[in-house]
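Peer 1: After the structure tokens below, expect a handful of questions from me.
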Amino acid sequence: MDITKISIKRPVAIMMVMFIIIILGAVSITKMEMELTPETEMSMVMIMTTYEDAGPEEVENLVTEKIESAVANVENVESISSTSSEGSSMVSIEFNYGTNLDTAITDLRDKLSMVEATLPDGCDSPNIMKMDMNSMPIATIVVSGDDMTSDELKSFAEDDIEPRLERQEGVASVDIMGGTEQEILIEIDPERLEGLGLTMTSIGQTLSAENSNQSGGSISYGEKSMTISTKLQMESIEDVKNTPIQIADGTVMRLGDIATVTETQKEITSISRYNGESCVTLSVTQSSDGNAVTAVNNILDEVEKLNAEYPDMTIEVVSESGSTIEDSVMNVVSNIFTGAILSVLVMFVFLKNIGLTGVIAVSMPISIIGTFVFLYFSGTTLNMISLGGLSVGVGMLVDNSVVMLENIYRYRTTLGYGKVKGTYRAGREVRSSLIASTLTTIVVFIPFVFVSGMMMQMMTDLALAIVFSLAMSLISAMTVVPMLAGNYVNNVHRNKAPKKLDFINKMLNMFDIGMKKLSELYGRFLRWAVWHKKRTLSCVLLVFLASLCMLPSVGMELMPSSD
């Protein structure tokens, strides 16, 4: 099948395909999710355990060593490291690349549940955290109210705001900082406690048993069954004081009779201020499979609803990453199309023909928009890496079209062929060359298939964007360019601007003179290089060696620094 011949003879069909590509591309762009960087998963998990008022040695012996021995038998573990400090234990587990972290975390929980009972009293349950690039908060919200105390403000944030934010799509968790909490303080004289035959442990067990709702079974009432429950959960300080305590001789006394029970403020561990005023801060973290922009937009909508429902409260989003990501991505998109326009202007300076330049101006957007179709169906997101690859590809998009147009120009001017026949012969002649040159560029990205680790996750989008853009440029050069040149470009000679715009003609003439002098200079240099082979090779070798010597001073880093 001669695709070039079909393109020239069936211009309407090719135009319909162009419109389909444009529509699909426009829909794909609106459907693609935005991210700052590609989704990357670090094969690392951290186990955090809190053991308050314990020294580093106690934490090491009683907590860290037990956790390490428990998780050592989990499959695909590459290395385990730990840090024991005052009051906390941190165990870092690195897995082999490619390990399913969700399955690994499930195995870790099973192992930890076996040793959790052996951990000392007062030690919190181990908390497993998966390390990923999305662990940073995507939004920070401050809550303040003039007529509310600090503990009322925190209760409002916990009961009314936090649940609603956690229900939003893409939100994993909401952490609350600042504010105060009330607690019940029970003070007992140790000597009196010993005289009554009680211990702190027994009183704690009694309080725990009394402060719970228990099921009372069920009863049948005709054809219906009713569930009975006893509500024993304490709701006030009086309930705590009235808790029955059985002493050694069997006598039952109220807790308030043997201890001092007071309601006091819990120790403050964090203080949150905004513009110099006390407030409560909520940090929102996105889920591992969520999208930051979508999550932030949902959060902004929910905060707007909360402000409407609670006009006496001030609920404000003080920072969020969604707009930053959108601005960064749209700046890159803008630069891509700006680069395409500049490429068209450069082509006009060289071709000096509006018709031929118009062919380039039409083929480039089709190639760019068509690339978005491939990116969408490959599951790639709009991020700095994929759009960076597309930016690189924009410069290459015009290459195939230029080769095709140059040959069409030669056939229709130098060789004297007609519009249709010259276009067809020119396209058929360079077809294999275009395919070969495009494939040699695409094949460079095959090694990315064999790269593993985070680098593959980061650079796959770049490779896909360049490969898809080059493939679209090849398709465009072999179909759209011959169709437009063979049916709609009647004149391939230089166009001249009218007298009112004669300065354009002068500028183009000056450019031609400069190019002619450059060509003459290059010709002299080329003749010298051909007749002085040893000197030429020596200069190239020196440049190569100098580059190698400068390589250590370049430095290495995973990502460039950013603000």
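The values are calculated or read from the model by the stated rules, or taken from the named source; none is laboratory data. The shown structure was predicted, so the numbers you read here are calculated from the model rather than taken from an experiment. Reconstructed Cβ throughout: ideal geometry from the backbone, glycine too, with neighbour counts over all protein chains shown.
Peer 1: Which one of these is buried (at least 17 other Cβ atoms within 10 Å of the Cβ), more than 25 Å from Met32 (Cα to Cα) and not assigned by TED's automatic domain parsing to the domain that holds Met404: Ala292, Ala259?
Peer 2: That would be Ala259, the only listed residue that is buried (at least 17 other Cβ atoms within 10 Å of the Cβ), more than 25 Å from Met32 (Cα to Cα) and not assigned by TED's automatic domain parsing to the domain that holds Met404.
Peer 1: Moving on. Please go through region 302-315 and give me each residue that is exposed (fewer than 15 other Cβ atoms within 10 Å of the Cβ) and closer than 20 Å to Ser150 by Cα, ordered by number.
Peer 2: Result: Asn307, Pro311, Asp312.
Peer 1: Looking for whichever is within 30 Å of Gly290 (Cα to Cα), in contact (Cβ under 8 Å) with a residue 24 or more places away in the chain and small (Gly, Ala, Ser) here; the options are Ser401, Ser386. Which one fits?
Peer 2: Only one candidate qualifies: Ser386.
Peer 1: Still on this structure, I have one more. May I ask you to verify whether Leu198 is in a helix (DSSP H, G or I) and either surrounded by 12 or more Cβ atoms within 10 Å (Cβ to Cβ) or not polar (S, T, N, Q) (or both)?
Peer 2: no
Peer 1: Hey, among Leu464, Leu474, Leu397, Leu484, which residue is closer than 30 Å to Tyr97 by Cα and buried (at least 19 other Cβ atoms within 10 Å of the Cβ)?
Peer 2: When all the criteria are applied, what remains is Leu464.
Peer 1: Output the residues belonging to region 52-84 that are at pLDDT below 85 and either in contact with a Cys (Cβ under 9 Å, 6 or more places away or on another chain) or basic (Lys, Arg) (or both).
Peer 2: Passing the criteria: Glu52, Ala54.
Peer 1: Just wondering, is there one or more residues in region 504-524 that are in contact with a Ser or Thr (Cβ under 7 Å, 6 or more places away or on another chain) and more than 30 Å from Phe377 (Cβ to Cβ)? Step through it out loud before you land on a result.
Peer 2: Keep residues of region 504-524 that are in contact with a Ser or Thr (Cβ under 7 Å, 6 or more places away or on another chain), which gives none.
Within region 504-524 (the criterion being in contact with a Ser or Thr (Cβ under 7 Å, 6 or more places away or on another chain) and more than 30 Å from Phe377 (Cβ to Cβ)), the answer is no, since none of the residues qualifies.
Peer 1: Could you say whether any residue in region 336-357 is outside the structural domain of Thr294 (by TED's automatic domain parsing), under 29 Å from the mean Cα position of the chain (by Cα) and free of Cβ contacts under 8 Å to residues at least 24 places away in the same chain?
Peer 2: Yes, region 336-357 contains a residue that is outside the structural domain of Thr294 (by TED's automatic domain parsing), under 29 Å from the mean Cα position of the chain (by Cα) and free of Cβ contacts under 8 Å to residues at least 24 places away in the same chain.
Peer 1: Restricting the search to region 247-276, which residues are in contact with a strand residue (DSSP E or B) (Cβ under 7 Å, 6 or more places away or on another chain), under 30 Å from Ile141 (Cα atoms) and modelled with pLDDT under 80?
Peer 2: Glu263, Thr264, Gln265, Lys266, Ser270, listed by residue number.
Peer 1: Next question. Pick from region 349-391 the residues that are modelled with pLDDT of 85 or more and aromatic (Phe, Trp, Tyr): which of them is surrounded by the fewest Cβ atoms within 10 Å (Cβ to Cβ)?
Peer 2: Here the answer is Phe377.
Peer 1: Hand me the list of helices (runs of 4 or more DSSP H) wholly inside region 442-557 holding 1 or more residues that are farther than 29 Å from Val394 by Cβ and over 46 Å from the mean Cα position of the chain (by Cα). It would help to see each step written out before you state the result.
Peer 2: Numbers: elements: 454-488, 502-531, 533-550.
Fully inside region 442-557 and qualifying: 502-531, 533-550.
Peer 1: A further question follows. Considering only region 179-195, state which residues are crowded, with 16+ Cβ neighbours inside 10 Å and out of contact with any helix residue (DSSP H, G or I) (no Cβ under 6 Å at 6 or more places or on another chain).
Peer 2: Ile186, Ile188, Leu193
Peer 1: Scan region 80-95 for residues that are of a type outside the set (D, E, K, R) and under 22 Å from the mean Cα position of the chain (by Cα) and report the count.
Peer 2: Of the residues in region 80-95, 1 are of a type outside the set (D, E, K, R) and under 22 Å from the mean Cα position of the chain (by Cα).
Peer 1: Can I ask one more? For region 25-51, name all the residues that are of a type in the set (A, V, I, L, M), modelled with pLDDT of 85 or more, in contact with a helix residue (DSSP H, G or I) (Cβ under 8 Å, 6 or more places away or on another chain) and assigned to a strand (DSSP E or B).
Peer 2: Val45, Ile47
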